[in-house]
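The values are calculated or read from the model by the stated rules, or taken from the named source; none is laboratory data. As the structure is a prediction and not an experimental result, all values here were calculated from the model. Heads up, the Cβs are rebuilt from the backbone with ideal geometry, glycines too, and the neighbour counts pull from every protein chain shown.
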Amino acid sequence: MSGTGVNLGTLAEFNVAVVLDAIRRRPAGVARTEISALTALSGMTVSNVCRRLIDAGLITEQAAPARGRGKPPKILTLNPDGGFAVGVHIDPAVVTYVLIDLAGRVRERIRSATPTVQDPAKVVQEMKTMLDALLLTAGVDRTKVLGIGVASPGPIDPDTGVVLNPPMLPGWHQVELRTALHLATGLPVLIEKDATAAVVSELWFSEAGRLRTFAFLYYGTGFATGIAVDGTAVRGVSSNAGDTAHIPVDPDGPTCYCGRRGCIGLVAAPRTLVAQAVQQGVLTESQAGDTTDVLQVGAAFGLLADAADAGDARAAEILTAAARLIAQALVIVIDLLDIEEIVFGGPFWSRLAPFALTTLPETVRSDRGLVVPHGIRFSESAIPGDVTAVGAAALVLDDAFSPRPEALRI
């Protein structure tokens, strides 16, 4: 046999995912006949699947408001309380924990300082304690939690669940996080690169039927790019695709730890911009604090943005110049992947955005290195600063409920 037949054992589960996906993307509700038309599944198949979903508490069914003669159709809607997913975003400064329901709404969030991995067992125990507190505060039954998604700076090994050696997380080398967290909590655990998790989040909340091709620019303590092609997150051979931090954009810039000069991940980093602000007298050294301390950098970057908002021309130029450099890197990304949309997000993006969005789009479009013949859209993530944590949680929902045709092959 050629090995290209349909695996009938997974067909029923695939149909469940198809129906659930159709329902969740229509929050106002949808009738069974509409689901059949949308999915090309038979009416009997849709009815059988809906019965399973109702029994499982994942969807609800009620009669639509009466309009004229005849019996009104029954409308199916997602039951947000039917299940929950936990998302954990490990940032160099803080670890963010979110709990989302089946509708993708954040029901609770908490944060803690990112620990150093001198003792991995203590790190996992601390994460377990925070996860327990998250569920307790939200008042959610643990049995309704479908799993935990973890988003970490790369590189990672998603097959083994190991955080390898992220440059942004000193000391986090070969940390077997997935297995340890699963044993500590008893819940399924998925691990993903942070920028890819942000892409999953954007795709999960996209409108029905929209197959988006975009790059997600994550601007936080670090700089990364997630990629989506035709509505699917691009992960690469080792699930570490999208590391754009080492694109050189300034030949006279500082030397990166990789040995190159002017890498975008260094020259546009908040800590670099804070250092420039001190050199130019926008911030004092006491205001800047320790530029190797990510928490102090975050506070100082906020002061820099405040100065720019207040009309300090020097502060505004520092942020605008960073946006121009980011634009140079994006031209390479756009040309390489032939994408049509750039989505911006991450914990530091909101402070850079007012200056970047007035400069960056036109800088990209006027760059003589831009070769794609189509227009480029620029947008901000619909999810605030917790986009990566929400994306980590969406990994769990996506793994459980998104239809994947490749799973049908044998």
Assess whether Ala64 counts as being more than 30 Å from Phe348 (Cα to Cα), out of contact with any Gly (no Cβ under 7 Å at 6 or more places or on another chain) and surrounded by fewer than 17 Cβ atoms within 10 Å (Cβ to Cβ).
-> yes
Go through region 360-380 residue by residue and tally those that are surrounded by 10 or more Cβ atoms within 10 Å (Cβ to Cβ) and under 22 Å from Glu202 (Cα atoms).
-> 7
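Which ones in region 83-95 are surrounded by fewer than 24 Cβ atoms within 10 Å (Cβ to Cβ) and closer than 20 Å to Pro188 by Cα? Explain how you work it out, then say what you get.
As a first pass, look at region 83-95 and keep what is surrounded by fewer than 24 Cβ atoms within 10 Å (Cβ to Cβ): 83, 92-95.
Matches in region 83-95: Gly83, Val95.
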Search result, residues across region 220-247 that are in contact with a helix residue (DSSP H, G or I) (Cβ under 7 Å, 6 or more places away or on another chain) and assigned to a strand (DSSP E or B) | Phe223, Ala224, Thr225, Gly226, Ile227, Ala228, Ala233
Out of region 96-124, which residues are closer than 19 Å to Thr179 by Cβ and surrounded by fewer than 14 Cβ atoms within 10 Å (Cβ to Cβ)?
-> Asp119, Ala121, Lys122
Just to be sure, is Asp306 of a type in the set (Asp, Glu) and under 22 Å from the mean Cα position of the chain (by Cα)?
-> no
Among helices (runs of 4 or more DSSP H) entirely inside region 1-75, those with 2 or more residues being closer than 24 Å to Ala85 by Cα and modelled with pLDDT of 85 or more are 8-24, 43-55
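Residue-by-condition table, conditions (1) within 15 Å of the chain's Cα centre (by Cα); (2) at positive phi; (3) of a type outside the set (A, V, I, L, M, F, W, C):
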site: Pro167; (1), (2), (3): no, no, yes
site: Gly171; (1), (2), (3): no, yes, yes
site: Ala180; (1), (2), (3): no, no, no
site: Val189; (1), (2), (3): no, no, no
site: Lys193; (1), (2), (3): yes, no, yes
site: Ala197; (1), (2), (3): yes, no, no
site: Gly220; (1), (2), (3): yes, no, yes
site: Gly231; (1), (2), (3): yes, yes, yes
site: Gly236; (1), (2), (3): no, yes, yes
If you check Ala228, Ala184, Ala208, which single one turns out to be over 19 Å from Asp399 (Cβ atoms), modelled with pLDDT of 90 or more and either touching a Lys or Arg at 6+ places or on another chain (Cβ under 9 Å) or in the same structural domain as Leu38 (by TED's automatic domain parsing) (or both)?
-> Ala184
Take the residues of region 242-274 that are surrounded by 18 or more Cβ atoms within 10 Å (Cβ to Cβ) and among the small types (Gly, Ala, Ser): which is farthest from the chain's Cα centre (by Cα)?
-> Gly253
Would you mind stating whether Val162 is assigned by TED's automatic domain parsing to the domain that holds Arg105, within 24 Å of Val199 (Cβ to Cβ) and at pLDDT below 90?
-> yes
Residues of region 144-198 that turn out to be buried (at least 16 other Cβ atoms within 10 Å of the Cβ), assigned to a helix (DSSP H, G or I) and in contact with a strand residue (DSSP E or B) (Cβ under 8 Å, 6 or more places away or on another chain), as a count | 10
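Regarding Thr114, is this residue of a type in the set (S, T, N, Q), modelled with pLDDT of 90 or more and under 26 Å from Ala389 (Cβ atoms)?
No: the conditions fail for Thr114.
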